[in-house]
């Protein structure tokens, strides 16, 4: 993963942690997908309005960053396939 992509993901995680520190209920899940360092970060806000605002802020962070895709879709709640690593952080 290029340094710009890693930095963008770090900044999105910081955004989520700042929201959590402000008392918002948010679930953060990081899943490693491949051998080349591909990573999926899934963020789920309990309050849809807060989630929409965070999505907009995350979009501004990742705009124009190669190899980073921001998609509004439900987080996969199934167990990852063998070989994948999954880290979950609860509020």
Legend entry - Pairs with Cβ under 9 Å, 6+ apart, first in segment 13-35 and at positive phi and part of a loop (DSSP other than H, G, I, E, B), second modelled with pLDDT of 95 or more and surrounded by fewer than 17 Cβ atoms within 10 Å (Cβ to Cβ): none
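To keep it simple, each residue is scored yes or no on (1) farther than 24 Å from residue 1 by Cα; (2) modelled with pLDDT under 85; (3) touching a strand residue (DSSP E or B) at 6+ places or on another chain (Cβ under 9 Å); (4) surrounded by 14 or more Cβ atoms within 10 Å (Cβ to Cβ).
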| residue | (1), (2), (3), (4) |
| --- | --- |
| 20 | yes, no, yes, yes |
| 30 | no, no, yes, yes |
| 42 | no, no, yes, yes |
| 60 | no, no, no, no |
| 66 | no, no, no, no |
| 76 | no, yes, yes, no |
| 90 | yes, yes, yes, no |
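So which of 44, 66 ends up being in contact (Cβ under 8 Å) with a residue 24 or more places away in the chain, at negative phi and either in a helix (DSSP H, G or I) or within 11 Å of the chain's Cα centre (by Cα) (or both)? Walk me through how you get there before you give the answer.
Values: 66 fails: either in a helix (DSSP H, G or I) or within 11 Å of the chain's Cα centre (by Cα) (or both).
One residue alone meets the criteria, 44.
The values are calculated or read from the model by the stated rules, or taken from the named source; none is laboratory data. This one's a predicted model, so the numbers in the text were calculated from it and none came from an experiment. Using ideal geometry, Cβ is built from the backbone for each residue, glycine included, and neighbour counts are taken over all protein chains shown.
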